[in-house]
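The values are calculated or read from the model by the stated rules, or taken from the named source; none is laboratory data. Just so it is clear, the structure is predicted and the values come from calculations on it, not from any experiment. So basically every Cβ, Gly included, is an ideal-geometry build from the backbone, and we count neighbours across all protein chains shown.
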Amino acid sequence: MTEMQLGGAQGAVCQADRRFVDRGREARKAESHKEKKGDDMAQALDLPKLIDEVRNALAGTAKNAVQRLWGEAGPPWGTSFAELEDLAVQIGRILGQQLLAQAVPAQAQATPPATAFLCPTCGRVTASAEQPEPRALDTDTGPVAWREPAASCGSCRKAFFPSE
Ligand SMILES: [Zn+2]
């Protein structure tokens, strides 16, 4: 293979790569358009910032739990690390479950923006149901249940949750 041929082959690969990259960029652009359209209903959470905001309070909660369980002396001598770890993990899950159980129903009380009531299938304006519907999800921290107003599209004969 001559250098010219090699260069040509590399050029072809480069072009193919560029096409691939461009397609990825297009996909991201489409994705960001979607985000823009839903700007008023969906905002990405800044997880590290939010966690920093409660880190000290959580340390206090953990201290409180240790005090409650064993007092100043801490766990009795000979308590295995593995058992303490199991306890810590289970308590962490309960905290997460409580956080979802309290945050999700609170959010469901918020008034969704008008765009949230557009039918996801046909885009028509829909009506919100009078009575909130029961919802339940299995999460990493366990099941969470709450009630939330649903909307239904008369044309598509489909019900949906504006929060989705
Ligand atoms: Zn519809």
Self-check item: Matching residues in region 98-133 - criterion: being surrounded by 12 or more Cβ atoms within 10 Å (Cβ to Cβ), assigned to a loop (DSSP other than H, G, I, E, B) and among the aliphatic types (A, V, I, L, M)
Solution: ALA129
Quiz item: Among the residues of region 134-164, how many are more than 14 Å from the ligand (Cβ to nearest atom) and assigned to a strand (DSSP E or B)?
Solution: 13
Quiz item: Do we have ALA88 as away from the ligand (no atom under 16 Å from the Cβ), modelled with pLDDT of 90 or more and either surrounded by fewer than 14 Cβ atoms within 10 Å (Cβ to Cβ) or among the aromatic types (Phe, Trp, Tyr) (or both) here?
Solution: yes
Practice problem: Go through (1) closer than 30 Å to ALA88 by Cα; (2) surrounded by 13 or more Cβ atoms within 10 Å (Cβ to Cβ) one by one and return the number of the condition CYS153 breaks. | Solution: (1)
Quiz prompt | Test for SER128: is it more than 11 Å from the ligand (Cβ to nearest atom), among the hydroxyl-bearing types (Ser, Thr, Tyr) and over 30 Å from GLY92 (Cα atoms) | solution = yes
Practice problem: Taking ALA42 as the residue in question, decide whether it is modelled with pLDDT under 75, of a type in the set (A, V, I, L, M) and part of a loop (DSSP other than H, G, I, E, B). | Solution: yes
Quiz item: Being within 16 Å of the ligand (Cβ to nearest atom) and not aliphatic (A, V, I, L, M), is that true of even one residue in region 101-108?
Solution: no
